[in-house]
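One structure below.
The values are calculated or read from the model by the stated rules, or taken from the named source; none is laboratory data. From a predicted model like this one, the values you see are computed outputs, not experimental measurements. Cβ atoms come from the backbone with ideal geometry, glycine included; neighbour counts cover every protein chain shown.
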Ligand SMILES: Cc1cc2nc3c(=O)[nH]c(=O)nc-3n(C[C@H](O)[C@H](O)[C@H](O)COP(=O)(O)OP(=O)(O)OC[C@H]3O[C@@H](n4cnc5c(N)ncnc54)[C@H](O)[C@@H]3O)c2cc1C
């Protein structure tokens with residue numbers, strides 16, 4: 001039997017999904033003697049989740065909802081390989097060896113654990129897969145980066161690391177979060193050195209090392225109030241010896257160590273992300289789409305490109321309203337009234353739905369998308385003090401809503417719809433489904449809103465933020481539209497409120513708190529730039545809009561500069577963010593997770609090519625915006641939405 005060589009560039013969570021699918025398939029049916037070459041300079045499996053990072057850096061998903069293994073919900077992924085979810089792994093001391101690190105409360109599927117532990121889980125999964133690989137699958141780990149890929153005359157790939165080269169017949173690119181070329185900032189070692197101007201940190205990771213030069217006498221501006229900001233706050237407070245204690249009223253108080261710098265955070269909206277609600281959905285319960293159905297989207301896409309605002313958003317809104325009112329009426333009235341309302345709401349048109357809402361719900365309790373995305377009342381913008389007072393109250397209310405849960409709390413139930421229906425959104429956005437203008441709008445306007453309302457930090461993080469404000473460690477009261485810049489001949493940058501120009505603060509350090517989503521054309525690694533230059537891949541464009549990433553077809557095969565699918569090379573995850581939407585997630589159990597579906601699809605195609613069978617999925621016509629039925633069935637987790 002022939003020997004087939006497979007290369008996987010990048011063995012983070014995505015690379016692991018490819019390895020998992022290969023091992024699962026080969027255990028059931030041998031396709032060939034497989035030699036798998038895994039390339040990664042980091043410990044295999046962990047990706048960007050360094051097991052050595054500090055414990056205060058948390059995963060923002062509950063442990064029960066994270067897995068690296070396919071299950072029976074995954075459409076078309078192939079044989080199932082049983083393996084523990086993150087929660088099951090944490091619970092099993094033989095696996096996680098938590099020992100004394102296990103808290104008195106035990107391990108909860110609804111708990112948020114550290115990314116260091118998550119990295120250890122991922123590394124463990126790698127070893128588990130290696131142990132389960134049948135004898136004919138040889139796994140070779142190369143702890144180095146691939147710096148170049150070259151297509152050889154027979155179609156195979158020559159992969160170069162710094163000191164070596166390897167030849168593979170099939171190639172998977174799963175290189176995840178990479179750094180952009182220009183991110184090399186010189187960091188001052190003292191306040192005196194920084195006085196020559198503000199030091200700008202455009203990439204705060206790895207957090208502890210990058211921020212270690214910051215001394216307590218410095219003022220640190222944080223641009224952005226998303227998940228990265230919470231990491232930075234952790235590093236500059238708890239990471240500096242401070243601690244949070246619970247107060248008798250159920251809140252948190254910050255006990256400073258005196259080693260914290262002064263902090264000031266601002267963002268375009270002026271608002272932090274909202275808290276995740278207490279999870280009432282267990283491991284795999286999701287809101288089931290009633291309006292934003294994948295087959296509806298598919299039928300629309302068969303005729304034309306979509307406009308998100310007119311074609312998709314009204315359906316999403318109706319689903320959010322449904323979830324909100326179902327929970328509201330169940331809680332405020334009784335379950336039967338809630339059912340009655342829901343039955344009528346489902347079959348009503350827009351005007352009838354509005355009438356129903358008026359009939360059942362008092363005006364002040366009605367769901368308002370407008371207030372959800374722009375909650376700041378004009379009265380809160382009169383003075384900086386008004387805003388500060390309003391913001392503290394707003395964050396406290398958010399904690400109250402979070403406590404009600406993502407099923408029983410009407411507001412959080414509605415927000416969770418956006419997360420639960422992400423696959424439906426993907427079915428509209430992926431592979432250039434939107435018009436160019438609408439695609440631009442989704443990435444610049446809708447995605448930040450989605451992040452703020454649906455994928456925020458654990459509620460404990462918001463409670464801690466409030467405690468830091470209370471302790472005077474951080475200032476978050478600059479209002480919407482604040483900016484940080486140097487003016488005139490001044491070298492030091494200043495955060496200035498857009499509303500109250502006298503409200504400002506000079507900063508010694510400005511940390512841009514976001515994860516880079518740069519174009520592969522601007523990648524620090526020579527690999528992606530070289531592949532682009534050689535024409536093996538091309539940047540993804542929706543008309544004139546480069547939405548990010550390289551282009552792949554619906555089998556995840558690379559699309560060359562000539563517009564042809566390269567049948568033996570695939571890319572999954574972040575390198576494809578652009579043609580795909582929201583690729584930076586880890587799989588969830590029991591919900592036909594898109595990361596697992598995609599891995600299954602790519603590996604199934606590779607193995608059928610290895611076996612020489614005819615079951616290779618038909619290659620798409622590349623400029624068609626219409627997904628095939630087969631592709632759309634990948635979204636069948638949407639509870640029978642497809643016939
Ligand atoms: C700081 C941070 C925090 C996050 N927190 C969460 C979270 O809490 N929850 C969540 O769901 N998601 C989180 N994410 C999103 C993240 O995208 C996913 O969790 C997941 O790590 C994505 O997996 P990946 O394999 O695609 O990418 P990565 O995890 O980035 O792994 C890619 C791997 O490829 C390797 N690689 C890159 N280039 C090469 C090359 N040329 N040769 C060889 N190897 C290469 C890298 O070394 C790396 O190990 C976070 C991301 C970051 C950056």
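Of the residues 569, 565, only one is out of contact with any helix residue (DSSP H, G or I) (no Cβ under 6 Å at 6 or more places or on another chain), within 23 Å of residue 155 (Cβ to Cβ), in the same structural domain as residue 147 (by TED's automatic domain parsing) and within 16 Å of the ligand (Cβ to nearest atom); which? Selected residue: 569, the only one of 569, 565 that is out of contact with any helix residue (DSSP H, G or I) (no Cβ under 6 Å at 6 or more places or on another chain), within 23 Å of residue 155 (Cβ to Cβ), in the same structural domain as residue 147 (by TED's automatic domain parsing) and within 16 Å of the ligand (Cβ to nearest atom).
The sole residue among 23, 11, 62 that is at pLDDT 95 or above, crowded, with 22+ Cβ neighbours inside 10 Å and in contact with a strand residue (DSSP E or B) (Cβ under 6 Å, 6 or more places away or on another chain) is 11.
Comparison of 23, 11 shows that the only residue that is near the ligand (Cβ under 7 Å from one of its atoms), closer than 30 Å to residue 613 by Cα and not in a strand (DSSP E or B) is 11. Within region 110-122, how many residues turn out to be under 16 Å from residue 14 (Cα atoms) and either away from the ligand (no atom under 11 Å from the Cβ) or part of a strand (DSSP E or B) (or both)? Result for region 110-122: 2.
Those residues that are over 30 Å from residue 158 (Cβ atoms) and within 11 Å of the ligand (Cβ to nearest atom), I need them from region 32-62; list them, please. Within region 32-62, 49, 50, 53, 57, 58, 59, 60, 61, 62 meet the criteria. Any chance region 258-277 includes a residue that's outside any loop (DSSP other than H, G, I, E, B) and surrounded by fewer than 20 Cβ atoms within 10 Å (Cβ to Cβ)? Within region 258-277, one or more residues are outside any loop (DSSP other than H, G, I, E, B) and surrounded by fewer than 20 Cβ atoms within 10 Å (Cβ to Cβ).
Within region 160-182, track down each residue that is more than 9 Å from the ligand (Cβ to nearest atom) and in a strand (DSSP E or B).
160, 165, 166, 167, 168, 170, 171, 172, 180
Inside region 257-292, residues that are touching a residue at least 40 places away in the same chain (Cβ under 8 Å), more than 30 Å from residue 241 (Cβ to Cβ) and more than 22 Å from the chain's Cα centre (by Cα) make up a count of 1.
Check region 427-442 and report whether any residue there is closer than 20 Å to residue 281 by Cβ, part of a helix (DSSP H, G or I) and touching a helix residue (DSSP H, G or I) at 6+ places or on another chain (Cβ under 9 Å). Looking for residues that are closer than 20 Å to residue 281 by Cβ, part of a helix (DSSP H, G or I) and touching a helix residue (DSSP H, G or I) at 6+ places or on another chain (Cβ under 9 Å), one finds none in region 427-442, hence no. Taking region 301-419 and the helices (runs of 4 or more DSSP H) fully enclosed by it, no element has 3 or more residues that are out of contact with any strand residue (DSSP E or B) (no Cβ under 8 Å at 6 or more places or on another chain), in contact (Cβ under 8 Å) with a residue 60 or more places away in the chain and exposed (fewer than 14 other Cβ atoms within 10 Å of the Cβ). Residue 65 meets each of the listed conditions (1) assigned by TED's automatic domain parsing to the domain that holds residue 528; (2) within 12 Å of the ligand (Cβ to nearest atom) apart from (1). In region 73-90 there is at least one residue that is more than 22 Å from residue 175 (Cβ to Cβ), modelled with pLDDT of 95 or more, within 16 Å of the ligand (Cβ to nearest atom) and not in a helix (DSSP H, G or I).
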